[in-house]
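Participant: Let me begin by handing over the structure; questions about it come next.
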Amino acid sequence: VSQADALMAAAAAVADPGTLLGLLVGVLVGLVGGAIPGITITLTVILILPFTFGMDTVGGLATMIGVYVGGESGGLVSACLLGMPGTPSAIATTFDGFPMARAGEPGRAVWLGIWAGLFGGLIAGVFLVYGTIWLGRFALQFGPWEYFSLFILTLTIVASLSEGSMLKGLVAGTVGLLARMVGVDPIMSTDRFTLGTEFLRSGFPFLPILIGVYGVTQIVTDVQKLRAGDARVAAKVERARLAARHLAVIGEILRGWGNLVRSTLIGLWIGVLPAVGGSAANILAYDQAKKWSKAPDRFGHGSPEGIVASESANNANVAGSLVTIMAFGIPGDAVTAVMLGALIVHGIAPGPLFMTNNLDIAYAMFIAYFVACVATVAVESAILPFFLRLVNVRREVLFPVILVLCVIGAYALNNLMADVWTLLFFGILGFLMVRYGFPLAPIILGVILGDEIEVNLVRSLMTSDDLTLFVTRPISGVMLLLALVSVGVAIYQTRKGRRAEGVDAEG
Amino acid sequence: VTGGDLRGRGEGLADAVIGLLLLGLAAALFWMSRDIPSPPFVPVTPAFFPRVLAGVLAGLAALLVLRGSRRRGRDGEPRAARGPLRPAVLVYGALAAYAFAIPRLGFYASTFVFLLVLVGLLGERTARGAVRALAVAVATTAACYAVFTGYLRLFLPEGLLR
């Protein structure tokens, strides 16, 4: 297929009424889910997952992209009006959005965030298109050695960056890889660890694991907090004051273009790094904005720069995550991990050949991303007056309904009850992991990469028994070196942190 | 001894116990990997990678045991979130019963009961709460039927409805 043909096919696929409807519903659901504290974007994408099974590939992906883009924006409304981030990626937005709203400018605070998100998202979208194509071409030079090293690097980065200790992160990653070993092996098709049962022979497919580890665990943690204090919001914000002078707000954002561009680049970079989500991007961008600002003392007291930094960074983060998944088949965060599942459900293998084999779908994802960015602003302005009532939905009603959707998502994948039991098992495992301080991201990544790591390792060993190739092939060698460095840096920082604490305690 | 120290030591202990469990898991997997059939003339057998992973897990678990047993109060890690256990057990129990019921009663009947019970138990225990639970169960079940079976044509086991 030629580039132009693929582009035309992609545009036609996104313009399909069913696809557009899915995208709009996705944006709406994302906005609401993102705005409700305790409901993360990941959870919202998991919720929408079973609905995409019945759609075609582009329709399903467009819906998910809608949720993803809309969700990043939804968090900011709660952040500004309630002082509570709707999602972790809006944490830094509360720092200035809430003070500004309290000082009598709720409309300005919310719209600064919405417009900044749009601009950040659009700038990052350009990188999404060119970055994916460029990185995809780069990845075509990879042999099995490079893939193996890339996956190892990914796992170590995730383990060293995830909350808590790196050791526990590495344990979680290894357990994830081992979970993938159960069932029929990907190369010789022999049974492994099945204990002779048909149940284990089908293995643990990763979507039920993902829904269990992220979805069920999150709901149970939320239910635990239900009694401790009602998370529902009593606040009432005067509707009329949510209006804003849009041209003035847009002008304000564009005059501070340095901040906008810097924050967007930070968001992109964090997005490209595997499994480090928007929760890091917005705080990092906020921090930098404060350092570079001419009025750093206004930060925390309603500085418009703070809102712009946080919101443009977390929308750019979406584009960055999409780059990693499209170019390498590695999920940039939990949301793209679910998307990876959706791709596989529709029979498409993500990875470096994705762009070559499915150019039309890749283009459709680009187009859907841009449409979602714009649609978010439109949908948000339409529902803003009712927003707080939507956010105020009863938690004890919401959580059980979400659990039903989790079960449908796990079951409808292969019409197997075994997958529902897998969901429950990993839902409990995720809960125990959180309880004992093990990060969740590495286990998911292990499960996702398990087959690929093994296939590439075995393939490289069968091609040549020269083990030094992993180090002497330049790209592979550099990646293994980076993996070592990321482990080393993490150990060094923990040591330094502990020493500093010791000094504090003595002093 | 302050409370913080005690908690830190408790966590170290938990880590050590988890490490021991994982060591056991690694050993069991290594032992079980002998049962994996290896085809002739294949230099890298299907048992190879699981064994490597079991070895890595054993090493990491040993470190966890070592660190956990040496651990004193401060550890530089965020203290694990510990909520009350009862609601967690309630949700997991309800989910297990739900999963057990689906093949027997069908998806829609099970969903109705699951929602009725869980919304009822999580919400206020009043007549109003009961009515709300009933309304949610009816509405959600109906909506699921309309969307998943009607519009999207997913194959959910219909059971009693058939």
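Rule-based calculations on the coordinates, nothing more; no lab input. Predicted, not measured: the structure shown is a model, and the values here were computed from it. Positions of Cβ are backbone-derived with ideal geometry, glycine not excepted, and every protein chain shown enters the neighbour counts.
Participant: If I histogram all Cα-Cα distances within region A:304-376 using bins 5 Å wide from 0, what percent of pairs lands in each bin?
Facilitator: Reading upward from the zero bin: 3, 15, 23, 25, 16, 9, 5, 3, 1, 0.
Participant: For region A:112-214, go through all pairs of different Cα atoms, get the mean of 1/r, take its inverse, and jot down that Kirkwood value in Å. Write out the running numbers ahead of the final one.
Facilitator: Working: mean 1/r = 0.0574 Å⁻¹.
Taking the inverse mean of 1/r over all distinct Cα pairs, region A:112-214 comes out at 17.4 Å.
Participant: Additional query: Once both labels are modelled 7 Å past Cα along the beta-carbon direction, what's the residue B:131-residue A:200 spacing in nm?
Facilitator: 5.2 nm
Participant: Residue B:121 to residue B:32: FRET efficiency via 1/(1 + (r/R0)^6), r the Cβ-Cβ distance, R0 45 Å, to the nearest 0.05?
Facilitator: 0.65
Participant: May I ask for the distance between the Cα centers of region A:24-78 and region A:257-313, given as a whole number of Å?
Facilitator: 23 Å
Participant: Once the Cα atoms of region A:45-199 are picked out, what are the Rg and Dmax in Å?
Facilitator: Rg and Dmax of region A:45-199, Cα atoms, are 21.7, 67 Å.
Participant: Separate question: Roughly how large, in nm² to one decimal, is the mean projection of the convex hull of the alpha-carbon atoms in the protein assembly as shown?
Facilitator: Here the figure is 31.6 nm², rounded to one decimal.
Participant: Then there's this: Under 8 Å for C-alpha pairs, at least 6 residues apart: give me the relative contact order for chain A, rounded to a whole percent. Intermediate results must be reported in sequence, preceding the final value.
Facilitator: On the way: 937 pairs, mean separation 140.4, N = 507.
Relative contact order comes out at 28 percent.
Participant: Using a Förster distance of 56 angstrom, determine the FRET efficiency expected from the C-beta separation of residue A:468 and residue A:225, and round it to 0.05.
Facilitator: 0.60
Participant: Taking the Cα-to-Cβ direction at residue A:261 and at residue B:104 and moving 7 Å from each Cα, how far apart do the two end points lie in nm?
Facilitator: With each label placed 7 Å out from Cα toward Cβ, I get 6.6 nm.
Participant: Considering every Cα-Cα pair within region A:258-330, what fraction, in whole percent, is farther apart than 19 Å?
Facilitator: Details: 826 of 2628 pairs.
Within region A:258-330, distances greater than 19 Å cover 31 percent of Cα pairs.
Participant: Using the charge dipole of region A:375-507 (Lys, Arg: +1 at Cβ; Asp, Glu: -1 at Cβ; taken about the Cα centre), state which of A:417, A:429, A:381 has its Cα farthest towards the positive end.
Facilitator: A:381
Participant: What spacing in nm lies between the two simple spin-label points modelled at residue A:459 and residue B:42, each 7 Å away from Cα in the Cβ direction?
Facilitator: It works out to 1.7 nm between the two label points.
Participant: Give me the dipole magnitude in Debye, nearest 20, for region A:143-218 about the Cα centre, with unit charges on the beta carbon: positive for Lys and Arg, negative for Asp and Glu.
Facilitator: 100 debye
Participant: Beyond a 28 Å Cα-Cα separation, which of these cross-linked pairs lie in this structure: A:168/A:291; A:294/A:496; A:168/A:496; A:168/A:290?
Facilitator: Violating the 28 Å limit, Cα to Cα: A:168/A:291; A:294/A:496; A:168/A:290.
Participant: Then there's this: Can you pull a Stokes-Einstein diffusion coefficient for region A:1-112 at 37 °C (0.692 mPa s), Rh from Kirkwood over Cα pairs, as a whole number of µm²/s?
Facilitator: 221 µm²/s
Participant: Kirkwood-based Rg over Rh for region B:10-68 (C-alpha set), two decimals?
Facilitator: Radius of gyration over Kirkwood radius for region B:10-68 works out to 1.16.
Participant: What's the FRET efficiency of residue A:130 with residue B:66 using the Cβ-Cβ distance as r and R₀ = 41 Å, to the nearest 0.05?
Facilitator: So, using R0 = 41 Å, E works out to roughly 0.30.
Participant: Also, quick follow-up: Between region A:413-492 and region B:92-109, what is the separation of their alpha carbon centroids in Å?
Facilitator: Their Cα centres are 33 Å away from one another.
Participant: Can you pull out the trypsin sites (Lys or Arg not before Pro) in region A:351-398 whose DSSP state is coil and whose Cβ has at most 10 other Cβ atoms within 10 Å?
Facilitator: none
Participant: So if I average 1/r over every pair of distinct C-alpha atoms in region A:335-450 and take the inverse, what Kirkwood radius in Å does that give?
Facilitator: With all distinct Cα pairs of region A:335-450 included, I get 17.8 Å.
Participant: Next question. For B:146-158, what's the mean count of beta carbons from other chains sitting within 10 Å of each residue's beta carbon?
Facilitator: Across the residues of B:146-158, the mean count of other-chain Cβ atoms within 10 Å is 3.
Participant: Helix-derived [θ] at 222 nm for chain A: sum -39500 (n - 2.57) over DSSP H runs of at least 4, divide by residue count, nearest 500?
Facilitator: Details: 24 runs with 383 residues, N = 507.
Roughly -25000 deg cm²/dmol at 222 nm, from the helical runs in chain A.
Participant: Okay, moving on. Which number do you get for Rg(Cα) / (2.2 N^0.38 Å) in region A:384-506?
Facilitator: 1.67
Participant: Sort A:291, A:168 so that the residue with the fewest other Cβ atoms within 10 Å of its own Cβ comes first and the one with the most comes last.
Facilitator: Ordered by Cβ neighbours within 10 Å, fewest first: A:291, A:168.
Participant: Another question about this same structure. Please give the charge dipole size of the protein assembly as shown, origin at the Cα centre, charges +1 on K and R Cβ atoms and -1 on D and E Cβ atoms. Round to the nearest 20 debye.
Facilitator: On the way: 48 positive and 40 negative charges, 375 e Å.
Roughly 1800 debye, rounded to the nearest 20.
Participant: Let me ask you something else. Return A:294, A:225 ranked ascending by Cβ neighbour count within 10 Å, so the fewest neighbours appear first.
Facilitator: In order of increasing Cβ crowding within 10 Å: A:294, A:225.
Participant: Within 10 Å of each residue's Cβ, count the other Cβ atoms and sort A:297, A:56, A:222 from fewest upward.
Facilitator: Working: A:297 9, A:56 15, A:222 22.
In order of increasing Cβ crowding within 10 Å: A:297, A:56, A:222.
Participant: Within 10 Å of each Cβ in peptide A:52-61, how many partner chain Cβ atoms are there on average? Round it to a whole number, please.
Facilitator: 1
Participant: Would you mind giving the three semi-axes, in whole Å and largest first, of the ellipsoid equivalent to region A:57-136 according to its Cα gyration tensor?
Facilitator: On the way: eigenvalues 166, 39, 20 Å².
The answer is 29, 14, 10 Å, longest axis first.
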